[in-house]
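Shown next, in structure tokens, is the structure this report addresses.
Derivation of every value follows stated rules applied to the coordinates shown; laboratory data play no part. Keep in mind the model is a prediction, meaning the values are calculated, not measured. Glycine gets a Cβ as well: all are built from the backbone with ideal geometry, and neighbour counts include every protein chain shown.
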Amino acid sequence: RGLAGPRNEAQGLIVRVVRAGAAPDGIVRALDLKGLTLAEAPFAFGASDETEAKIDLPVELRNEVARLDIRGERSAGAVALLDDRWKRRRVGIVSGASADVAQPLLAPNYYVSRALAPYADLRRTRPGATDPIGALLADGVDMLVVSDMAIPPGETHDKLQKFIENGGALVRFAGTRLAGAHDDLTPVRLRRTGRVLGGALSWEKPKKLAAFDEKSPFYGLRIPDDVTISRQVLAEPEPGLAARTWAQLADQTPLVTAEKRGKGLLVLFHITADTTWSNLPISGLFPDMLRKLTTLAGSSAAIAPEEQDVAASGEPRKIETLAPQRMLDGFGGFIAPPATARAISADFQGPASLDHPPGFYGPADSAVAVNALEPEAKLAAVDLAGISARRLEIDNARAIDLRAPLMAAAFLLLVVDALASLWLSGGLPRFAARKASAAILAFAVMAPAMFEDAPRFVVVAQAQQNPQAKPSTKPPTKRDMDAALSTRLAYVVTGDARVDETSRAGLVSLTQTLAQRTALTPGEPVGVDPARDELAFYPLIYWPVVAAQPQPSALARQKIAAYMKQGGTVVFDTRDALTARAGATTPEGEWLRKLLEGVDVPELEPTPRDHVITKTFYLIDHFVGRTANGQTWIEALPPEPANGEARPARSGDSVSPIVIVSNDLAAGWAGDRYGEPLYPLTPGGQRQREMALRGGVNLVMYTLTGNYKADQVHVRDLLNRLGH
């Protein structure tokens, strides 16, 4: 599945979703530059290979969206990056003509408003406003459209000049007022004779438009055959006129001219905004041209640099380039730019390539997005029929037991070394050399067979040393063997199907996180019954407390007590952080108190901020789950010496055999196959689930490694001695 052609329209942010084959339906996420999810929208293909997803957000939040992606689809093609060109602009419209409510089709602003309404948020002033341009500029518009209005020097002129230089776009339409005025807010000098309409040219035969030049922002737009121009304002011929011309007639007379001033843009249509001089405003080309201009408003990276000076001097044009900033890798994640990535031109419009990988280019405040898929892209399944290849499965690394051959080799080398020492010292008779050689050869032949079952020999030897020990009458099961050969997390099966499934899903997500972020690769989590299963194979057991379930048997209590005495850790989760009240005991807390009555439990305390469990892998200060306000209890640490130096991490002599939490850790860890939380979190947010997983990683690392992290308190002193 992939994303292509995002559009920021009036009804929302819309993006095409395409697929190859029978890819399932899904959800499109909208994220800002910080990676925070702003909204989600589902999509369904039905019988088609493409569909659309609509993100419904206010305009202000829509303009904050910098990335769209398909949840759970790890591919650069499933990501659409958005820059300033996709923002929905605020466009102000003002006209020099008097408003005629009775005949709106004759108003110059009618066709402009209809053309821009699907692509921009329009701002208008109330009729009779004394300073309509000043009011619109104060409203924070990105583009201002002025129809047939002269702007003589003065306060309004200065405001517009500052607006353009700061990055705004001023789009003007000609008319009788502009043609007879002395106005320098135009990209080119207009032909005029005093204050008469000497700069307006009329034809008996209307003229058609010429094809757009490749350097024009309008390049690629289709020009209808029936668009004609019957009247226009002419530009004075001067050096650089061709470079400022974005559209022209068939006889090369400029129709649309533009100039970059400061950070902004000044555009002039040499015709009126109504149908008195041309039928362009009622054609399908008119909205497309105005839409192109809205994408340039406020985006200086997309505006071609001014060229009139270099055109006049004959010097080569300087092309502005944007260096790679943040690239997408093949899985859709942001990475640093590779060495092969090259800069793009400021007006780059193409898709990604080997030289221009998908990602953001240019400065962070005005970056240009390059996407993997073109707006009209389609996906097709890879055809491997013509390729001589076969599909191979990736197997997990298989462990090979080398204990027997290594022990045999070590023993053989020991014998050889002893015989060699005797030979060199003369302690070995010459006539016995041949017999010794034969003995060594015989041992070399028999050694592999002798040590093939080395672990079994060790067990037999131990049994011979303790002949009174009774062998186990219960043979180990395959489950016990798997648990002994691979580190696994376990959870207590409570009998409540919903709670047990939550525990399993939470430990599965925690196991995957451990495998991705640490050197530990645990096996699949296991559900255990303390009364029937062997617990010694599991370093950590998660026990969700269900008050409605009966208390475990005396045998289960004994096995739990023995498990904790032998170094295991049980995490009891009462899951009552939201219902707990000060001075009162919850049903889950009372159930746990009765369970621990027959178990030797050490003195507990709330987890100190300097406890080693808060620093075993991540630096955290509390353990959150589905909720975040619960307390975590752990074995109390011995008090620090009164004259001792404060240590950044404290620990006891061993791992705490018991940890009591109330934040429903498993529900906080649990995620679906897309990595999204399975359960709503309180107060919520992706950050809370990340902190829940970090706390789980710390718990497992503390259980497996104990207090080793506390030894790193000396790192600061060592660095000081080495001078960093």
Ranked packing of 117-124, 417-424, most packed first, by mean Cβ within 10 Å: 117-124, 417-424
FRET efficiency estimate (nearest 0.05) - Cβ-Cβ, Asp121 to Lys159, R0 22 angstrom: 0.60
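Which whole number in µm²/s is D for region 478-715 by Stokes-Einstein, with the Kirkwood Rh taken over Cα pairs at 20 °C and 1.002 mPa s?
Details: Rh = 18.2 Å.
The calculation lands on 118 µm²/s.
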Pair Arg7, Tyr618: separation of 7 Å Cα→Cβ label points (nm): 4.2 nm
Extension reserve of the Val601-Leu422 stretch, reckoned as 0.36 nm per residue once the Cα distance is removed: 58.5 nm
Distance histogram for region 325-389 (every C-alpha pair counted, 5 angstrom bins, percent rounded to whole numbers): 3, 16, 24, 20, 14, 10, 7, 4, 2, 1
Computed Rg/Rh of region 105-172, alpha carbon atoms with Kirkwood Rh: 0.94
Neighbour-count ranking [beta-carbon atoms within 10 angstrom, fewest first] of Asp664, Asp672: Asp672, Asp664
Set of aspartates and glutamates near Lys54 by C-alpha distance (under 12 Å), chain-local residues within fewer than 8 positions excluded: Glu9, Glu40
Gyration tensor verdict on region 88-298 (Cα atoms; rounded if a/c is under 1.5, prolate if a/b is larger than b/c, oblate otherwise): rounded
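Rounded, prolate or oblate: which one fits region 468-581, using the alpha carbon gyration tensor with axes a ≥ b ≥ c (rounded when a/c is under 1.5, else prolate when a/b beats b/c, else oblate)? Don't skip to the answer; put the middle values down first.
Details: a/c = 1.96, a/b = 1.17, b/c = 1.67.
Taking the square roots of the gyration eigenvalues as a ≥ b ≥ c, region 468-581 is oblate.
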